[in-house]
Amino acid sequence: MIIDCHTHLFPRWIREKRETYCFAEPAFRLLYESPKSRMAGADEIVSVMDEDGVDRSVVFGFPWRNLETCKRHNDYILSAVDKHPRRLSGFCCVDPHSGGAGEEVARCLDNGLCGVGELAFYGSGISPEIIEKLNHIMALCRERALPVMIHTNECVGHRYPGKAPISLEEIYGLARAFPENRIILAHWGGGIFFFNLLKKEVRATLANVYFDTAASPFLYDSAIYPTAVQLAGVDKVLFGSDFPLIRPARYFREMKASGLPEADIAQICGENARRLLNL
């Protein structure tokens, strides 16, 4: 089974009127103001999954500031999962700063979504205030043994839309704050798994942390795959495409070109996510 653990869906009422949401939603404007920034709906992702050989995708929306927009988008994710129950699994997405974010997470999990994410903090990084705001959400997921996906990125290198001011210290602080939560760090976790080479503390702190491959072809050399397997462990790497940013097939080609054994590719592309999501 091939599982794509990181994809974004938008309902038609957002896709066709994106400019309506740009003024009051700076994070959305940052990523989607340009018509070149692609958005996809449920039928499109299933079609691409069929073409690229993906059995199931984890789909989610956007961390809207406006709670009502957030609820409507989560309702769309719920309806997409209901329409394609054998192909799609859904995460609840919220802005932890919003009043009622915890209640919205509880509502979505009660209605069948299987995790939370991708939570992103494009303006602030993962500050102590963010850690505090995450407490309720993390508790809900911890009680249900469900994963939480957090947007991270490398703290050096070229700039691009959505590259947040996140430090390795902040990423590590998140893992230390919630050691019993199953956390997925998107975009390779900013490379923090390198510090598993330290003799003390880090490997234990990151014991419940997973790393997805989202946007990897735009960010890293294909050598990242065997490097991550060596330093993080093959059981901690999850295939995520960031669709519609990049199609899944491109990742499969890169993994093969990297020299990864077929058994490792199979684990990254499905087995790890299957266990994590209890599929």
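Every number here is computed from the coordinates shown, using simple stated rules; none is lab data. Note that the coordinates shown come from a computational prediction; the quantities given were computed from them, not determined experimentally. Using ideal geometry, Cβ is built from the backbone for each residue, glycine included, and neighbour counts are taken over all protein chains shown.
Quick look at the values:
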quantity	calculated
Order of Thr7, Thr227 under a 10 Å beta carbon neighbour criterion, fewest first	Thr227, Thr7
The stretch 195-229-the stretch 10-76 distance, computed between alpha-carbon centres (Å)	27 Å
Whole-number percent relative contact order across the stretch 16-98, with pairs defined as alpha carbons under 8 Å at least 6 apart	27 percent
Karplus-derived HN-Hα couplings along the stretch 241-255 (A = 6.51, B = -1.76, C = 1.60, θ = phi - 60°), whole Hz, x at Gly and Pro	8, 6, 4, x, 4, 9, 7, x, 4, 5, 5, 4, 5, 5, 4
Length-normalised contact order for the chain - Cα pairs under 8 Å, 6+ apart - percent	19 percent
Over the stretch 3-276 - Rg/Rh using Cα atoms and the Kirkwood inverse-distance radius	0.93
Estimated vicinal HN-Hα couplings, Hz - the stretch 207-220 in sequence order (Karplus 6.51, -1.76, 1.60; Gly, Pro = x)	4, 9, 9, 10, 10, 9, 8, 3, 6, 3, x, 8, 10, 10
Helix-only mean residue ellipticity at 222 nm for the chain, each DSSP H run of n ≥ 4 adding -39500 (n - 2.57), per residue, nearest 500	-11500 deg cm²/dmol
Distant-in-sequence amide H partners of Leu88 (H built 1.01 Å from N, under 5 Å)	Ser57
Cβ-based exposure ranking for Lys133, Lys163, in which fewest neighbours within 10 Å come first	Lys163, Lys133
Between the stretch 237-264 and the stretch 107-123, the alpha-carbon center distance in angstrom	24 Å
Lysines whose Cα lies under 26 Å from that of Lys17, excluding same-chain neighbours fewer than 8 positions away	Lys36, Lys71, Lys83, Lys163
Long-range HN-HN contacts of Tyr210 with modeled amide H, under 5 Å	Ile183, Ile184, Leu185
Loop-resident sites, the stretch 168-215, for trypsin sites (Lys or Arg not before Pro), counting at most 15 other Cβ within 10 Å (DSSP)	Lys199, Lys200
